């Protein structure tokens with residue numbers, strides 16, 4: 001008995017061709033964007049070493065990124081530490097191990113939650129502003145004007161933001177860790193009744209230089225990652241397909257920058273932990 005081969009109809013062939021075409025365009029756009037962002041990172045890092053060095057601009061960005069983010073970092077860290085103290089005491093007390101509360105709070109904050117939450121909060125507050133600023137400069141042709149005047153936009157605009165972000169995020173992470181541990185101490189010891197000496201002794205004996213170094217390396221990398229994605233999205237706002245034009249493109253690029261930064265921080269944290277642990 002001969003088998004009957006069913007040929008796709010012209011409408012089905014058209015839909016298949018459109019689907020394959022869309023997949024091809026998406027692949028090409030993604031690879032092009034990755035290559036563009038790679039060159040952007042290279043020139044931004046090169047701009048750090050070009051003279052004359054824009055020291056005043058770096059100080060301005062440090063004030064905006066670092067000092068301006070202290071409030072949000074303080075309250076985020078305090079709330080996080082208090083929740084860790086409450087949940088940690090509740091869980092450890094079931095097994096009679098509430099003396100390990102200081103260890104749990106300190107290691108959780110220093111190795112993981114401090115660098116991650118600091119980077120995400122800085123991306124939401126400062127990274128979005130940097131992306132919007134560069135996006136507006138791009139659509140208003142201010143960056144093109146710099147090129148016309150033979151002024152390197154990377155040295156003039158991007159590199160100071162990179163350096164300020166790389167410096168600010170580790171310092172803000174240190175503030176986050178200290179405030180978070182204080183919040184865990186207040187809830188765990190003062191409110192829940194854990195032993196103060198056990199809390200401090202457990203933290204002192206468990207936290208090593210390697211743990212602090214891991215948190216510092218993560219915060220440095222996350223700062224670079226946030227600066228790269230947020231400034232890159234704004235700088236290339238005119239090249240992103242489907243982003244609209246004018247103010248619409250800037251708003252979508254800013255949202256995209258914060259989302260991509262947060263996801264990249266969370267994903268890269270796993271790989272950094274697997275390498276450094």
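The values are calculated or read from the model by the stated rules, or taken from the named source; none is laboratory data. If you're wondering where the values come from, they're calculated on a predicted model, not measured in any experiment. As a convention, Cβ positions derive from the backbone with ideal geometry for all residues, glycine included, and neighbour counts pool all protein chains shown.
Could you tell me how many of the residues in the stretch 101-135 are at pLDDT below 90 and surrounded by fewer than 20 Cβ atoms within 10 Å (Cβ to Cβ)? Count: 0. Inspect all residues belonging to the stretch 229-240 and state whether any of them is under 30 Å from residue 96 (Cα atoms), more than 14 Å from the chain's Cα centre (by Cα) and loosely packed, with under 15 Cβ neighbours inside 10 Å. Within the stretch 229-240 (the criterion being under 30 Å from residue 96 (Cα atoms), more than 14 Å from the chain's Cα centre (by Cα) and loosely packed, with under 15 Cβ neighbours inside 10 Å), the answer is no, since none of the residues qualifies.
Given the condition more than 10 Å from the chain's Cα centre (by Cα), at pLDDT below 85 and not in a helix (DSSP H, G or I), answer yes or no: does some residue in the stretch 264-277 qualify? Checked the stretch 264-277: at least one residue is more than 10 Å from the chain's Cα centre (by Cα), at pLDDT below 85 and not in a helix (DSSP H, G or I).
Within the stretch 37-72, the residues that satisfy the criterion of being surrounded by fewer than 16 Cβ atoms within 10 Å (Cβ to Cβ) and not in a helix (DSSP H, G or I) are 49, 50, 51, 52, 53.
Restricting attention to the stretch 209-250 and to residues that are under 23 Å from residue 268 (Cβ atoms) and not in a helix (DSSP H, G or I), the residue that is modelled with the highest pLDDT turns out to be 236.
Just one of the listed residues (92, 78, 62) is more than 19 Å from the chain's Cα centre (by Cα) and at pLDDT 90 or above, namely 78.
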